[in-house]
Amino acid sequence: MDKKRAMLVLADGTGFPGYSLGAAGETTGEVVFNTSMMGYQEILTDPSYKGQMVVMTYPLIGNYGINEKDYESRSPFLAGFIVKEYSPFPSNWRSQVSLDTFLKSKKIVGIQGIDTRALTKRLRDFGAQHGIISTEDFDVPCLTKKAHSSPGLDGIDLVKTVTCNDVYTWKDADSDAGKSKRFDVVVYDCGVKYNILRKLSSAGCSVTVVPAKTHFHTVLDMKPDGIVLSNGPGDPAGVPYMIENIRGLLGKKPVFGICLGHQLLALTMGLKTYKLKFGHHGGNQPVMDLSTRKVEITAQNHSFAVTPPQEGSVHKSPFGNVEITHVNLNDKSVEGLKCHSIPAFSVQYHPEASPGPHDASYLFDRFIEMMEPKR
């Protein structure tokens, strides 16, 4: 492929010259790194990356192309894509288009040929920061100024930019095949990944997906057996309407929160959240289940986390005691919550994986068990 010049510049003035990947132009966003060794298509189509540019730490990307089956949402929402070496000749029987062609068609600006190890070390040491990729402007001071002026994530409602516009029923030939539907589940789409819907369907749930601003009265009128609060992008404090909806649902229906849904459940319970230094993005995060002392290797994608209670592992909320159930073994951050007096729990990581390990898939069974006595 013909190589066109491109430049990545961080807000601190650090420049990384390389070559264009995907669409030409300029893009800004918060630069974060993902440590997964595979699954770049699922990462590209994860709505949780809205407003962010993703650095892949694995050096060779694009070798198995792109196919329609592995989409995790209707479209990529990330701001940019950064790789060490792009493979222009995909070799996989499922491949339909190359990564470069896919990025061009979706108007995603990327860069290849840079030292992603050096970039990752800088983000790890100094924290995630805003950056800019350009195929038009190569003046580092000018690009630094543009990176500085790009909007941040704190307090911004990014959910409204990725949620569905209308209510829909999930249909998937593979996950629905031969499965009887015993439960009706409503999923609040804050940027839901399709594999969450596939897992619920495979577990015997008829799944209805609703926009994030759907009032809780409307959801209760659907008479679901349970509610799932999905993953999604950005700062949970920027989505107050979801907190109001959760407040109206707690105690009335079983609730299962995933990633952003976990943070929103925590805020509803009176806990607080904070921004991580460089976030958790990848498929190798070790998490301990405090009840069993078992360690799960988990897939994660989030930049914010729940602040632990000031004393011990139990928080007293208006809905009763909330207990920390899981912790991250790398930084001791809160990875799971359970309500004592009402049927509600949440995890910060992704039990649906995709891409990543499947250690945490039992959580869907736990949600099913929670709905059983409520039928």
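The values are calculated or read from the model by the stated rules, or taken from the named source; none is laboratory data. On a predicted model such as this, the values are computed, not experimentally measured, just so you know. Quick reminder, even Gly has a Cβ in these numbers, built from the backbone with ideal geometry, and neighbours come from all protein chains shown. Please note that ligands, DNA and RNA were not included when accessible areas were found on the heavy atoms of the full protein model with its side chains. Shrake-Rupley method; radii C 1.70, N 1.55, O 1.52, S 1.80 Å.
For the stretch 234-241, does any single residue satisfy the condition of being of a type in the set (F, W, Y), buried (at least 24 other Cβ atoms within 10 Å of the Cβ) and over 16 Å from F304 (Cα atoms)?
We begin by selecting, within the stretch 234-241, every residue of a type in the set (F, W, Y); these are 241.
Filter once more, so that each one left must be buried (at least 24 other Cβ atoms within 10 Å of the Cβ): none.
The answer is no, given that none of the residues of the stretch 234-241 is of a type in the set (F, W, Y), buried (at least 24 other Cβ atoms within 10 Å of the Cβ) and over 16 Å from F304 (Cα atoms).
The condition of being hydroxyl-bearing (S, T, Y), modelled with pLDDT of 95 or more, over 20 Å from E26 (Cβ atoms) and open to solvent by 60 Å² or more (accessible area, probe 1.4 Å) holds for only one of T101, T120, that being T101.
Of all residues in the stretch 299-343, those satisfying the criterion of being touching a strand residue (DSSP E or B) at 6+ places or on another chain (Cβ under 6 Å), closer than 26 Å to M38 by Cα and not in a strand (DSSP E or B) are L329, S333. Of all residues in the stretch 123-138, those that are among the aromatic types (F, W, Y) and surrounded by 14 or more Cβ atoms within 10 Å (Cβ to Cβ) total 1.
Here's the yes/no breakdown for (1) outside any strand (DSSP E or B); (2) touching a helix residue (DSSP H, G or I) at 6+ places or on another chain (Cβ under 8 Å):
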site: G18; (1), (2): no, no
site: L21; (1), (2): no, yes
site: T28; (1), (2): no, yes
site: M38; (1), (2): yes, no
site: E42; (1), (2): yes, yes
site: V55; (1), (2): no, yes
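Among the residues of the stretch 1-16, how many are under 20 Å from F126 (Cβ atoms) and either of a type in the set (G, A, S) or more than 24 Å from the chain's Cα centre (by Cα) (or both)? Matching residues across the stretch 1-16 total 8.
How many residues are among the acidic types (D, E) and surrounded by fewer than 22 Cβ atoms within 10 Å (Cβ to Cβ) when one looks only at the stretch 43-69?
1
Among the residues making up the stretch 139-154, a single one is surrounded by 15 or more Cβ atoms within 10 Å (Cβ to Cβ), among the polar types (S, T, N, Q) and not in a loop (DSSP other than H, G, I, E, B): T144.
With open to solvent by 50 Å² or more (accessible area, probe 1.4 Å), touching a strand residue (DSSP E or B) at 6+ places or on another chain (Cβ under 7 Å) and of a type outside the set (V, I, T) as the only criterion, which of Q96, Q112 stands out? Can you show your working first?
Values: Q112 fails: open to solvent by 50 Å² or more (accessible area, probe 1.4 Å).
Of Q96, Q112, the one residue that is open to solvent by 50 Å² or more (accessible area, probe 1.4 Å), touching a strand residue (DSSP E or B) at 6+ places or on another chain (Cβ under 7 Å) and of a type outside the set (V, I, T) is Q96.
Among the residues of the stretch 155-183, those identified as touching a Gly at 6+ places or on another chain (Cβ under 8 Å) and open to solvent by 10 Å² or more (accessible area, probe 1.4 Å) are G155, I156, D157, L158, T163, K179, S180, K181, R182.
Which of the numbered conditions does G13 fail, given that it passes all the others? Conditions: (1) assigned to a loop (DSSP other than H, G, I, E, B); (2) touching a Phe, Trp or Tyr at 6+ places or on another chain (Cβ under 9 Å); (3) on the phi > 0 side of the Ramachandran plot. For G13, the failing item is (2). Candidates in the stretch 344-375 are the residues that are at pLDDT below 95, out of contact with any helix residue (DSSP H, G or I) (no Cβ under 8 Å at 6 or more places or on another chain) and not in a helix (DSSP H, G or I); of these, the one that is nearest to I43 (Cα to Cα) is G356.
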